[in-house]
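Q: Mind having a look at this structure? Questions to follow.
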Amino acid sequence: MSRWPYLLLLVVMAGLIGVVAVSRFGSSGSHTSFAQLVTPTETHTPGPTPNLTPSPTPGVLHASIDADPDNGSGPCNPIDTRGTGYIGLSYDVAICLESMPKELGAFSFLVNYDGGMSSCTDIACPTGDCLDDNPDANAGTTSFGPTNLGAGWDCNPVDLMEPTCHWSILNWNAAGISCWNLIGPYTTPVGDVAFPLAVINLNAIAQGTDHLTLASVLLTSTDAIDMGDIGSCNPVSSAEIPCYGAEIVLIAVGTI
Ligand SMILES: [Ca+2]
Ligand SMILES: [Ca+2]
Ligand SMILES: [Ca+2]
């Protein structure tokens, strides 16, 4: 497998993050309007909570946010579109893939959140693979069940893009991660299985409903010639896949 596609991936990722940031500068409205801007129209739900209600077609690849990674049998099983956070405490969300057509060789994504309602504590990781940062990849010391990503992953490509939970420009806030696997083995689940790419830990700081959205999702296979050959969304840079957000209702401790 040639490595040049992955080096190009870095350039693409930097560009996608730039596109999202520039898009944010160019918008004039609220967080919701930004969510609408970076969300494919076909996944919108009319009303105040766009990109919220997933109704994925069985067997069709999609990416989504699990707003409650602790229920069921673990992150992404089941995938919940609505979760709860308690002011002064932290909450987790998982980023999930379901119905993958082939094994992953690289991936990246951003999760947009409202910096007025949520914050985060990043983990410094200037060198190394950064598999247990925030976002916390489903590999390394911390992984999330039998459908982990397997061995060989590096989430700090060439020590230049460690996972970061607080991308912040003006009132745009996002957590993001870019990972590749140059040596394998390539064991990510294929077919009718949902599994987490990573889990993000955020802090609930103010009451309200934080509408989390996915952006810059890029899924690349092990034998890719083109970046994102498996799929992408928000913006679409290759085959488009549905990407679904979630909402976190942030309330005071003791509130039912
Ligand atoms: Ca869940
Ligand atoms: Ca970090
Ligand atoms: Ca981990």
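Q: Within the stretch 80-109, which residues are part of a strand (DSSP E or B), within 18 Å of the chain's Cα centre (by Cα) and β-branched (V, I, T)? Walk me through how you get there before you give the answer.
A: Within the stretch 80-109, the first condition is being part of a strand (DSSP E or B), and the residues that meet it are 82-86, 90-100, 104-109.
Still in the running and within 18 Å of the chain's Cα centre (by Cα): 82-83, 90-100, 104-109.
Across the stretch 80-109, the qualifying residues are V93, I95.
Q: All but one of (1) away from ligand 3 (no atom under 16 Å from the Cβ); (2) at pLDDT 95 or above; (3) among the aromatic types (F, W, Y) hold for F107, so report the exception by its number.
A: It fails just one condition, (1).
Q: Scan the stretch 71-83 residue by residue and report those that are within 20 Å of L214 (Cβ to Cβ) and more than 16 Å from ligand 3 (Cβ to nearest atom).
A: Of everything in the stretch 71-83, those that are within 20 Å of L214 (Cβ to Cβ) and more than 16 Å from ligand 3 (Cβ to nearest atom) turn out to be N77, P78, I79, D80, T81, R82, G83.
Q: Taking the criterion of being within 16 Å of ligand 2 (Cβ to nearest atom) and under 17 Å from S108 (Cβ atoms), would at least one residue in the stretch 178-190 satisfy it?
A: First, the residues of the stretch 178-190 that are within 16 Å of ligand 2 (Cβ to nearest atom): 178-179.
Subset that is under 17 Å from S108 (Cβ atoms): 178-179.
Taking every residue of the stretch 178-190 in turn, at least one turns out to be within 16 Å of ligand 2 (Cβ to nearest atom) and under 17 Å from S108 (Cβ atoms).
Q: Taking strands (runs of 3 or more DSSP E) that do not extend beyond the stretch 113-207, which have at least 3 residues that are of a type in the set (D, E), under 16 Å from the mean Cα position of the chain (by Cα) and over 15 Å from A94 (Cβ atoms)?
A: Hits in the stretch 113-207: none.
Q: Within the stretch 213-256, how many residues turn out to be more than 22 Å from V60 (Cα to Cα) and outside any loop (DSSP other than H, G, I, E, B)?
A: Selection size over the stretch 213-256: 5.
Q: For A204, state whether it is crowded, with 22+ Cβ neighbours inside 10 Å and over 19 Å from I177 (Cα atoms).
A: So A204 passes the test.
The values are calculated or read from the model by the stated rules, or taken from the named source; none is laboratory data. Note that the structure is a prediction, hence the values are computed from the model and not measured. Don't worry about glycine lacking a Cβ; one is built from the backbone with ideal geometry, like all the others, and counts go over all protein chains shown.
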